[in-house]
Structure formats: structure tokens, C-alpha cells
Amino acid sequence: MVLTLKPEGLLEFYAYTTKTGKNLLASALVEFDEIHLELPLELPGVSPPKAETPNLRLYEEIVKALERASSVQKRIFTGSSPSDNPEEDIKRLDELVGKAISLEKQINLSKKAKKIVSERKKRLSEVESELSDVEEKLRRYYATALETVSKDPSKMKIARLIVEADSEILRSLSLLNASLDKSTSMDDMKIILNNVIRTTDNIKGKLRKISESIAEGNLDLLISKTEDIENSLKDIISSVGEYLTLSGKFSQLESLEKMWERISDVSKRMPEIQLMISEQVPTVRRISQEKEEVARRMNELVDIIRTKVKSSVDQMDSLYRSFRELRECVVSVDVLIAGEAEKSIYEMLEKSQPLLAEREKVELELSELSKLMDKEHVDKLKKELENIKREISEVASRLYKTKEVIRHKAVEEKVSLMIYEGSDIVVAHGWVPKSLASSLKSHLERSMGGLVAVELETPSRKEKPPSRVKLPKMALPVSLLTHKLYGFPNIKEIDPTVITSFLFPLMFGMMFGDMGHGALVAIFGLFLLLKTKGSLRDLGGILLYSGIFATIFGYLYGAAFFVELGTHVLSPIKEPTRLFGIALLIGAFEILLAFIIRTINKILSGDKFAAFMEYGGVLTIAMYSGAVYAAIRNGADVMKTVSDPLFQAMVIPLLITGVAPMLRSMMEGHGILHGMPEMVSTFIESTLALFSNSLSFIRLAAFAVAHETFGVLAGMFTVGSTSITPENLMHLLTNPISLVTFIFINIAVIGLEGLLSFIQAMRLTFYEFFTKFYSANGRPFLRVRELISS
């Protein structure tokens with residue numbers, strides 16, 4: 001039984017042999033199996049091997065392929081004959097899985113194809129409507145442009161240039177007005193002005209192109225005005241640049257001034273440097289004067305820049321008016337409309353491209369969906385899927401058999417990768433159970449004809465060996481809670497899995513006590529235990545045990561599916577006080593058990609001072625036991641318990657436990673004050689926290705009462721009474737509405753309250769029980785065969 005509570009003791013081993021004996025060593029280690037291999041990283045003069053591992057590579061590829069296949073074919077593969085060409089079968093299996101997934105998607109889509117078709121048709125109608133609008137606008141624009149082109153084709157080019165120049169002049173005018181906003185910084189203004197200069201250059205280019213095509217109007221004057229605006233803007237940018245330079249200088253002078261102010265403040269408190277600082281006063285004054293001069297010039301520049309920008313706005317406005325007059329003289333309104341139309345045609349064509357693509361996509365979807373609405377087509381898909389799944393089973397079975405055939409060689413290759421090589425020798429390193437150490441040594445010597453040297457070492461305190469835990473078969477499912485969800489035990493602490501196998505179902509059963517509900521939970525758990533694997537299988541085992549305890553408590557409560565069976569040992573509704581007392585006693589038992597295990601763990605780790613003196617040790621066990629016994633013999637009366645001499649005597653172990661951190665601090669040479677904070681936390685944990693931990697177990701009774709309350713509600717909704725008894729059960733069974741309501745309430749309670757009870761049992765286990773003794777910072781002992789996945 002000790003082996004089920006504490007990880008088995010291990011020895012560290014090193015196995016040395018010649019390079020020629022490496023494969024033989026790997027084979028012998030695989031054959032022995034009961035060891036945990038690790039890389040010999042700390043050994044000098046050895047390095048990782050450079051070995052070919054074809055079987056290991058193939059094995060891993062097959063495992064991945066079978067995992068993908070299992071997502072489609074929900075079954076465990078077995079095979080009678082291995083594959084002749086595993087690589088081709090892996091490729092074929094991947095193809096088949098891809099096809100199967102695609103077919104399953106189509107079949108699932110067929111179930112809601114009608115609804116999706118309706119939605120896609122609606123969207124297609126919207127797209128068609130948008131395209132119709134675009135086509136109508138294009139038709140109008142083409143008609144307008146065609147009419148103008150038929151009269152005078154050369155006018156179209158001019159109209160297009162005029163429309164673009166008009167747009168760019170307006171944009172420039174808008175940007176200049178924006179730059180006059182008081183919130184615009186000089187950095188932003190510089191960016192805006194550069195944009196306007198680029199736009200002005202474009203305007204100038206378009207005006208030159210227009211002048212090449214027409215003789216009317218004074219375009220040279222407009223070009224000259226544009227150049228004047230451009231020059232003015234460049235002059236403004238120069239002033240902005242000067243402002244930004246001065247702004248940087250102002251920041252530097254301001255920093256210098258603040259620095260001298262701080263130095264001056266310091267000198268007032270240090271008379272010995274006052275004379276030296278006073279000599280620098282003229283320099284400080286010059287800095288202040290220069291700062292004021294820079295600030296004055298910056299203000300002047302702001303006014304100058306804003307005035308120049310306003311002047312540029314007026315120039316741009318004048319240019320725009322002159323351009324409008326030219327536009328009216330050069331081309332007619334129809335031509336301008338045609339030019340605008342030509343521009344709009346390109347915009348409409350760009351807008352239509354995504355709409356055309358979406359229409360094509362929706363039409364294709366509708367075509368595919370229409371097939372999925374055909375029952376014959378869907379039946380054909382289902383038949384094809386069945387054939388593919390049948391072929392998946394055949395190929396996967398061959399690969400599974402291949403995997404089993406090469407597994408031993410793959411493990412050997414994996415082990416060979418963990419055997420490091422030196423100049424003349426190779427070395428394997430790992431851990432072996434103490435009980436098997438001599439067997440390992442004799443096995444290696446026998447297998448290798450004596451051409452091996454085996455060293456066995458006891459691990460030091462600093463080393464952290466893996467934990468080899470042996471659990472009874474009944475407790476294996478509960479390792480889901482202890483090992484997988486919470487953590488693995490280290491080599492020097494008790495594994496709580498066996499204890500949790502009893503305590504967790506006990507707490508769940510007390511909260512969820514009902515013979516019918518418990519039986520259903522147990523049946524569901526048994527189904528998961530028998531039909532699934534991995535974590536789901538473990539969960540099934542936990543639910544099976546929890547359901548059994550819920551059934552037992554249901555018998556004690558006298559309830560099955562909320563029907564009162566007449567006799568009961570304990571009623572949550574009628575005797576809540578008694579039930580709350582039992583819950584507190586269970587809590588006290590679990591807390592004491594946790595402290596006992598903590599004490600054992602401290603002794604196992606060699607910390608006897610903590611085991612006897614510190615919180616959670618022997619003194620805490622004595623204190624808590626005495627306090628609980630005092631409360632029990634005084635009927636939980638607070639005043640009587642507090643005045644009980646036994647309860648008062650528990651102050652002595654409390655005080656000793658409280659000062660233990662200070663004693664440890666002195667023993668370690670840190671002094672008394674170093675242990676003071678821990679002393680305060682120990683007093684708090686030994687009183688308030690421990691009291692709070694004990695009260696947490698009240699939820700065991702609270703959830704039991706809540707469960708029975710649902711029974712009362714079920715009775716009121718179905719038979720009009722606060723309880724459902726065998727006498728009024730017939731009325732419930734013969735009334736369809738009452739029967740449906742009764743079934744619904746039972747299902748809801750099993751699902752919702754069952755989940756809540758499970759969560760609460762986990763909370764009490766993890767936070768009120770495990771945290772007091774279980775560090776869970778260990779790592780599992782992996783046998784050689786477990787180095788690769790199965």
C-alpha cells in the first residue's frame with residue numbers, strides 16, 4: 001500500500017559500453033523497459049549521436065496519419081497484415097481523409113441548404129440591383145460622352161483636363177484654408193504646404209497641356225499666376241523652417257534655464273558652492289535674454305506666416321475665378337459634362353469589378369447548393385463517403401499493423417538517440433527503481449556479455465528525479481484530477497490520488513444525493529469508461545464513482561428523481577442543521593488529514609523542524625483537533641466553546657507555531673526581524689484562514705438542501721404539493737403536462753446542478769485540501785516503451 005501513496009525511490013544510473021556495442025545496449029534497455037531515460041547532458045566529452053532513424057520517422061508519420069484518420073473514422077484501427085508500401089499508403093490516407101472531410105461538409109451543408117439558398121438568392125438580388133444601377137449610370141455617361149465626341153472629338157481631351165484642373169485648384173484652396181486653423185501646428189502646416197506645392201505643379205502641367213490644344217483665353221497669365229502661388233508657398237515653407245529651427249533652440253534654452261534654476265536652489269542649501277554659482281549669473285542672464293529674443297522672433301514669424309498664407313489663399317481664389325472664366329469661354333457646358341462623364345465612367349468600372357466577382361461567386365454557390373437540395377445527389381454523396389470511409393479503414397488498418405510491427409525498432413532508434421557518444425565509448429543515463437537496480441545491472445551484463453559498466457548513484461537533495469507512481473486500477477481514473485489537472489507529485493511527497501478516489505465522490509454524492517440522479521450519472525460514467533479512451537475515459541471513472549456515492553446518499557435522503565420514498569436516515573430539508581454539522585465534520589476530517597500528510601511530507605523531505613513546529617505540522621494538528629473537539633463537546637455553542645479550558649489551551653500550540661518562523665530565521669542566521677512578516681501571516685492563517693477553510697465545507701450541505709429544494713419545486717409544478725410521494729405519483733404519470741414538466745426539471749437539474757456539484761467538489765479538493773500539502777512539482781516516470789506515442 002505504501003507504493004500507492006508515495007512515489008517509489010529511484011537510483012540514478014550510467015551505462016557505458018564501446019561504440020560497437022551501442023545498438024546492443026539500446027536493445028537491452030528496450031527489453032528491460034522499467035527505466036526512465038534522460039540525456040547525459042552534464043557528462044563531459046560526450047555529444048549527441050548522428051544516427052539514421054528510418055523506423056522512428058516512419059512510425060511518427062504513421063501515428064500522425066492515423067490521428068487524422070480517426071477524426072473521420074471514429075473507431076480504433078486494427079490490422080491483420082502490414083502495408084507493402086507505407087509511404088504511399090500514408091499519402092493515400094491523407095487524400096482519402098481530405099475527401100471525406102469535404103464530403104462530410106457537403107452532407108452537413110445539405111441539411112441547411114434551403115435556408116442558405118434563400119439567403120444567397122437575396123444577396124444575389126442585391127448585387128444585381130447594384131450592378132443595374134452601375135450599368136444605367138454607365139449608359140448615361142457613355143451617351144453624354146458619345147454625343148460630344150461625335151460633334152468634336154478633340155474637345156473631350158480638353159474637357160477632361162479642365163475637369164481635373166478644376167478639381168485640383170479647389171483641393172489646393174481647401175488645404176490652404178485648413179492650414180489657417182489655429183489648432184494646426186507648424187509641422188502640420190509644412191506638410192500641408194508641400195502637398196499644395198505638388199498639386200500646384202500638377203495644375204501648371206495641365207494648364208500647359210490645355211494651352212497646346214486651344215488658342216482662346218489667356219492661359220499664359222494663368223500659368224504665371226500658378227507660378228507666383230508656387231513661389232509664395234516656397235517662401236512660406238522657408239519661414240516655417242526658420243520657425244521650427246528657432247523652436248528647437250527655444251527648447252534647448254528653456255532646458256538650460258531650468259537646469260540653472262535647480263542648481264541655484266541647491267546652492268542655497270550648500271553655502272560652499274554659492275560663490276562659484278554667483279559667478280555664473282551673467283551667463284544665466286544671457287540665456288534668459290536669448291530665450292526672450294527667440295520667443296519674440298517666433299511670434300513674429302507666426303504672424304508673417306499666417307499673413308502670407310492668407311495672401312496665398314487670395315491668390316488661389318483669384319486663379320480659380322480666372323480659370324472658371326476661361327473654362328466658360330473655351331468649352332460648353334455639354335463638353336464639361338462629357339469630361340466629367342468620362343471620369344465617372346472609370347470610377348463606375350472600378351466599382352463594378354468587386355460586384356461582378358461577388359455575383360460570380362454567389363452564382364457558383366447557388367449552383368452547388370442547388371445540387372445539395374437534390375436528395376439523389378445527397379444520397380450519392382453519402383454512398384461515396386461510405387466507400388471512402390471503408391477504404392480509409394482498410395488503409396489505416398494496414399498502417400496500424402505496420403506501426404505495431406516497427407514499434408520495437410522505432411523505440412530502439414529513439415533510445416539510440418538518447419545514448420551519447422564519446423571518442424571511444426557511448427553512455428546511457430537515466431533512473432531505475434531501487435527495487436530493480438540489481439536486476440538492471442545483471443540484465444545489461446547478461447545481454448551484452450559483460451561488455452558494459454553500470455554505475456548506480458543515490459540522488460542528491462538538489463536533484464529532482466522523476467516520480468514512479470503505482471496506482472491501484474480503481475484509482476487510475478482519478479489521476480485526471482491529481483496528475484493531469486493539478487500536477488504530478490515529486491519523489492518526496494505522498495500522492496493523494498488514492499485518498500482523492502474516496503473523498504471526491506463522497507463530497508459530490510453528499511451535494512447531489514438522489515438515487516435516480518446518481519444512478520444516471522453512474523451509468524453515463526460507465527459508458528465513458530468502457531467506450532472512450534484518454535481523459536474522457538478517466539472522467540467516466542470519476543463520474544461512475546461519484547454517481548455511486550450520489551446513489552448512496554440518495555438512499556440516506558430517501559429520494560429518487562425527487563420522489564420521496566418514505567423512510568430516510570437524513571433529510572436535507574427537514575434536518576438542515578444536522579446536515580450542516582456533518583458537512584463541517586467532513587471538512588474538519590479533510591483538513592486534519594491534509595495536515596497529517598503535510599507532516600509526513602516534511603519528514604520525508606528531511607525538514608523535521610517544519611514537521612513539528614511550523615504551521616501545518618504536529619502542533620497545528622494538535623491545535624485544530626483540540627479546537628474541533630471542544631466545539632463538538634459543547635454542541636457548537638460559541639460562548640461555551642470559547643470558555644472551554646481545552647479550547648483555551650490550544651493557544652499554546654498556536655503561539656509556538658506563530659513564533660516558529662522567527663526561530664527558523666535565527667537558526668538560519670538571518671535574525672529575528674527577518675521572520676517577522678511570516679510570523680504575522682502564520683497567525684492569520686492559523687486563525688482566520690483556518691476558520692474560513694472549515695466553513696467552506698458548509699457548501700456540501702448547502703448544495704444538498706438546494707437539490708432538495710428543486711424537488712419541492714418539481715412537486716409544486718407537477719402535483720401541486722411540496723413533495724412527490726408514491727401516493728400522488730400516479731397522478732403525475734397520467735397527466736401529460738405534469739409528466740413532461742417532471743422530466744424537464746429532472747434533466748435540467750442533472751445537467752446544471754450536477755455540473756455545479758462537480759465544480760464545487762473540485763474546488764474543495766484543490767483549494768481546501770491539496771493546497772495544504774501537495775506541491776505537485778514533480779515529473780512522471782516514463783518507461784522506455786512510453787518514449788514514443790502508442
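Residues to consider are Ile724, Ile745, Ile788; find the one that is over 28 Å from Gly534 (Cβ atoms) and open to solvent by 10 Å² or more (accessible area, probe 1.4 Å).
Ile745
Kindly indicate the residue of segment 605-627 that is assigned to a helix (DSSP H, G or I) and either polar (S, T, N, Q) or touching an Asp or Glu at 6+ places or on another chain (Cβ under 7 Å) (or both) and also nearest to Pro661 (Cα to Cα) among those meeting that condition.
Thr620
Please determine, by comparing only the residues of segment 630-648 that are in contact with a helix residue (DSSP H, G or I) (Cβ under 7 Å, 6 or more places away or on another chain) and over 22 Å from Ala583 (Cβ atoms), which one is least open to solvent (accessible area, probe 1.4 Å).
Checking each candidate, the answer is Asp644.
Each row is one residue, and each column tells you yes or no for (1) closer than 21 Å to Gly241 by Cα; (2) buried (at least 17 other Cβ atoms within 10 Å of the Cβ); (3) touching a Pro at 6+ places or on another chain (Cβ under 7 Å).
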residue: Ala165; (1), (2), (3): no, yes, no
residue: Arg171; (1), (2), (3): no, no, no
residue: Ser174; (1), (2), (3): no, no, no
residue: Asn177; (1), (2), (3): yes, no, no
residue: Thr184; (1), (2), (3): yes, no, no
residue: Met189; (1), (2), (3): yes, yes, no
residue: Leu193; (1), (2), (3): yes, yes, no
residue: Thr200; (1), (2), (3): yes, yes, no
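Take the residues in segment 10-53 that are among the hydrophobic types (A, V, I, L, M, F, W, C) and part of a helix (DSSP H, G or I); name whichever of them is most open to solvent (accessible area, probe 1.4 Å).
This residue is Leu24.
I'd like to verify a number: residues in segment 225-246 that are touching a helix residue (DSSP H, G or I) at 6+ places or on another chain (Cβ under 7 Å) and open to solvent by less than 40 Å² (accessible area, probe 1.4 Å), how many?
So the answer is 10.
Pairs please, first residue from segment 101-112 and on the phi < 0 side of the Ramachandran plot and in contact (Cβ under 8 Å) with a residue 40 or more places away in the chain, second anywhere and part of a loop (DSSP other than H, G, I, E, B) and open to solvent by less than 60 Å² (accessible area, probe 1.4 Å), Cβ atoms under 9 Å, 6+ apart in sequence or on different chains.
Cβ pairs passing all conditions: Glu104/Val72.
Quick check on segment 419-428: of everything there that is touching a Pro at 6+ places or on another chain (Cβ under 6 Å) and open to solvent by 10 Å² or more (accessible area, probe 1.4 Å), which residue is farthest from Arg783 (Cα to Cα)?
Taking the candidates together, the pick is Glu421.
Scan segment 514-534 residue by residue and report those that are assigned to a helix (DSSP H, G or I), among the small types (Gly, Ala, Ser) and without any contact (Cβ under 8 Å) to a residue 60 or more places away in the chain.
Pass one, segment 514-534, residues assigned to a helix (DSSP H, G or I): 515-531.
Within this subset, residues satisfying the condition of being among the small types (Gly, Ala, Ser) are 516, 518-519, 522, 525.
Within segment 514-534, Gly518, Ala519, Ala522, Gly525 meet the criteria.
Out of Leu503, Leu485, report the one residue that is under 21 Å from Tyr767 (Cα atoms), in contact with an Asp or Glu (Cβ under 7 Å, 6 or more places away or on another chain) and aliphatic (A, V, I, L, M). Walk me through how you get there before you give the answer.
On the way: Leu485 fails: in contact with an Asp or Glu (Cβ under 7 Å, 6 or more places away or on another chain).
The match here is Leu503.
Return the residues of segment 281-305 that are open to solvent by less than 60 Å² (accessible area, probe 1.4 Å) and of a type outside the set (A, V, I, L, M); say none if nothing qualifies.
Thr283, Ser288, Lys291
For the subset of segment 449-500 comprising residues that are under 22 Å from Ile35 (Cβ atoms) and hydroxyl-bearing (Ser, Thr, Tyr), which member is modelled with the lowest pLDDT?
Ser460
Considering each of Arg120, Arg92 in turn, give the residue that is basic (Lys, Arg) and within 30 Å of Ala357 (Cα to Cα).
Result of the check over Arg120, Arg92: Arg120.
Based on what the data block shows, is Ser435 in a loop (DSSP other than H, G, I, E, B), more than 30 Å from Leu756 (Cβ to Cβ) and either touching a residue at least 60 places away in the same chain (Cβ under 8 Å) or of a type in the set (Asp, Glu) (or both)? Before you say what the answer is, go through the steps one by one.
Values: in a loop (DSSP other than H, G, I, E, B): no; more than 30 Å from Leu756 (Cβ to Cβ): yes; either touching a residue at least 60 places away in the same chain (Cβ under 8 Å) or of a type in the set (Asp, Glu) (or both): yes.
Answer is no for this residue.
Could you say which residue among Ala594, Ala559, Ala550 is within 37 Å of the chain's Cα centre (by Cα) and either touching a residue at least 60 places away in the same chain (Cβ under 8 Å) or open to solvent by 50 Å² or more (accessible area, probe 1.4 Å) (or both)? Walk me through how you get there before you give the answer.
Numbers: Ala559 fails: within 37 Å of the chain's Cα centre (by Cα); Ala550 fails: either touching a residue at least 60 places away in the same chain (Cβ under 8 Å) or open to solvent by 50 Å² or more (accessible area, probe 1.4 Å) (or both).
Among Ala594, Ala559, Ala550, only Ala594 is within 37 Å of the chain's Cα centre (by Cα) and either touching a residue at least 60 places away in the same chain (Cβ under 8 Å) or open to solvent by 50 Å² or more (accessible area, probe 1.4 Å) (or both).
Could you grab the pairs with beta carbons closer than 8 Å, sequence gap of 6+ or different chains, first residue in segment 751-773 and within 23 Å of Gly516 (Cα to Cα) and open to solvent by 10 Å² or more (accessible area, probe 1.4 Å), second one polar (S, T, N, Q) and in a helix (DSSP H, G or I)?
Listed by first residue and then by second, the contacts come to Phe758/Ser546.
Looking at segment 402-418, can you tell me whether even one residue there is in a strand (DSSP E or B), surrounded by 14 or more Cβ atoms within 10 Å (Cβ to Cβ) and modelled with pLDDT of 90 or more?
Checked against the condition, which is being in a strand (DSSP E or B), surrounded by 14 or more Cβ atoms within 10 Å (Cβ to Cβ) and modelled with pLDDT of 90 or more, segment 402-418 yields no hits at all.
Please count how many residues of segment 571-591 are open to solvent by 60 Å² or more (accessible area, probe 1.4 Å) and assigned to a loop (DSSP other than H, G, I, E, B).
Of the residues in that region, 2 qualify.
All but one of (1) surrounded by fewer than 23 Cβ atoms within 10 Å (Cβ to Cβ); (2) in a loop (DSSP other than H, G, I, E, B) hold for Leu539; state the number of the condition that does not hold.
(2)
Kindly establish whether Asn746 is modelled with pLDDT of 90 or more and farther than 30 Å from Pro489 by Cα. Steps first, answer last, please.
Working: modelled with pLDDT of 90 or more: yes; farther than 30 Å from Pro489 by Cα: yes.
When the stated conditions are applied, Asn746 passes them.
Suppose the filter is more than 30 Å from Ser694 (Cβ to Cβ) and of a type outside the set (Val, Ile, Thr); does Lys533 pass it?
Values: more than 30 Å from Ser694 (Cβ to Cβ): yes; of a type outside the set (Val, Ile, Thr): yes.
Judged against the criteria, Lys533 is a match.
If Ile548 meets every condition in (1) at pLDDT below 95; (2) in a helix (DSSP H, G or I) apart from one, which number is that one?
Here Ile548 meets the rest and fails (1).
Looking at Met348, Met316, Met373, which one is open to solvent by less than 30 Å² (accessible area, probe 1.4 Å) and modelled with pLDDT of 75 or more? So that I can check it myself, show each step before the final result.
Details: Met348 fails: modelled with pLDDT of 75 or more; Met373 fails: open to solvent by less than 30 Å² (accessible area, probe 1.4 Å).
Just one listed residue meets the conditions, Met316.
Answer yes or no as to whether Leu471 is among the aliphatic types (A, V, I, L, M), assigned to a helix (DSSP H, G or I), touching a helix residue (DSSP H, G or I) at 6+ places or on another chain (Cβ under 8 Å) and surrounded by 17 or more Cβ atoms within 10 Å (Cβ to Cβ). Explain how you work it out, then say what you get.
Values: among the aliphatic types (A, V, I, L, M): yes; assigned to a helix (DSSP H, G or I): no; touching a helix residue (DSSP H, G or I) at 6+ places or on another chain (Cβ under 8 Å): yes; surrounded by 17 or more Cβ atoms within 10 Å (Cβ to Cβ): yes.
So Leu471 fails the test.
Here are the criteria: (1) open to solvent by 10 Å² or more (accessible area, probe 1.4 Å); (2) touching a residue at least 24 places away in the same chain (Cβ under 8 Å); (3) in a helix (DSSP H, G or I). Tell me which single one Gly566 does not satisfy.
Against the list (1) open to solvent by 10 Å² or more (accessible area, probe 1.4 Å); (2) touching a residue at least 24 places away in the same chain (Cβ under 8 Å); (3) in a helix (DSSP H, G or I), Gly566 comes up short only on (3).
Of Ser132, Ser118, which residue is farther than 30 Å from Val395 by Cα, surrounded by fewer than 18 Cβ atoms within 10 Å (Cβ to Cβ) and at pLDDT 85 or above? Show your work before the answer.
On the way: Ser132 fails: at pLDDT 85 or above.
Testing whether each residue is farther than 30 Å from Val395 by Cα, surrounded by fewer than 18 Cβ atoms within 10 Å (Cβ to Cβ) and at pLDDT 85 or above leaves just Ser118.
If the Cβ limit is 6 Å and pairs must be 6+ apart or interchain, which residue in segment 634-657 that is over 21 Å from Val618 (Cβ atoms) and free of Cβ contacts under 8 Å to residues at least 24 places away in the same chain pairs with which residue that is in a helix (DSSP H, G or I) and among the β-branched types (Val, Ile, Thr)?
Going by the 6 Å Cβ cut-off, the qualifying pairs are Asn634/Thr641.
Go through the residues of segment 573-584 one by one and say whether even a single one is under 19 Å from Val749 (Cα atoms) and either β-branched (Val, Ile, Thr) or out of contact with any Gly (no Cβ under 6 Å at 6 or more places or on another chain) (or both).
Within segment 573-584, one or more residues are under 19 Å from Val749 (Cα atoms) and either β-branched (Val, Ile, Thr) or out of contact with any Gly (no Cβ under 6 Å at 6 or more places or on another chain) (or both).
The values are calculated or read from the model by the stated rules, or taken from the named source; none is laboratory data. The shown structure was predicted, so the numbers you read here are calculated from the model rather than taken from an experiment. Please note: Cβ atoms are built from the backbone with ideal geometry, for glycine as well, and neighbour counts cover all protein chains shown. Just the protein is used for accessible areas: all its heavy atoms, side chains included, with ligands, DNA and RNA removed. Shrake-Rupley method; radii C 1.70, N 1.55, O 1.52, S 1.80 Å.
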